[in-house]
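Some notes on the structure that comes next.
The values are calculated or read from the model by the stated rules, or taken from the named source; none is laboratory data. For clarity, every value in this text was computed on a predicted model and none was experimentally measured. Cβ atoms come from the backbone with ideal geometry, glycine included; neighbour counts cover every protein chain shown. With ligands, DNA and RNA removed, areas are computed over all heavy atoms of the protein, side chains included. Shrake-Rupley method; radii C 1.70, N 1.55, O 1.52, S 1.80 Å.
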Amino acid sequence: MPFNWLKEFHQDMAKQPDYAEKTLAAYRLGMKAKGSIRAVRIEIDEEGCAASRLLDANEEYHPDNAPRLPLPDCAKGLACRCVYRPVMAYEPKED
Ligand SMILES: [Zn+2]
């Protein structure tokens, strides 16, 4: 996938303290704009903390209800690589 480098770049950056607010706000706008974004999902840090492994990677959240990242009890804090991903409206539903 040609944009893999971009994805990895984003994951390797430490998060800003307002990561959750900013990112969820952007997805909230994306949901309003043309309805191209249906929800957000959490891509879980493969070497992540115990807290993140309890998350369901298939769960779709409304930005208002999504767990805040990094998780409050994440051992890696702002270095956590759990990230939000948009779920596009055209994607088939899991399950
Ligand atoms: Zn974590």
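Tell me, which residue of the range 56-91 that is in contact with a Pro (Cβ under 8 Å, 6 or more places away or on another chain), without any contact (Cβ under 8 Å) to a residue 60 or more places away in the chain and closer than 20 Å to residue 26 by Cβ is nearest to the ligand (Cβ to nearest atom)?
If we take residues in the range 56-91 being in contact with a Pro (Cβ under 8 Å, 6 or more places away or on another chain), without any contact (Cβ under 8 Å) to a residue 60 or more places away in the chain and closer than 20 Å to residue 26 by Cβ, then 82 is nearest to the ligand (Cβ to nearest atom).
Looking only at the range 52-93, filter to residues that are polar (S, T, N, Q) and either part of a loop (DSSP other than H, G, I, E, B) or within 17 Å of residue 17 (Cα to Cα) (or both); which one of those is least open to solvent (accessible area, probe 1.4 Å)? Outline the logic, then answer.
The initial filter retains those residues of the range 52-93 that are polar (S, T, N, Q), namely 52, 58, 65.
With either part of a loop (DSSP other than H, G, I, E, B) or within 17 Å of residue 17 (Cα to Cα) (or both) added as a condition, the list becomes 58, 65.
Values: 58: 84, 65: 113 Å².
In this case the residue turns out to be 58.
Open to solvent by 50 Å² or more (accessible area, probe 1.4 Å), modelled with pLDDT of 90 or more and assigned to a loop (DSSP other than H, G, I, E, B), is that true of residue 45?
Here the answer is no, as residue 45 does not meet what is asked.
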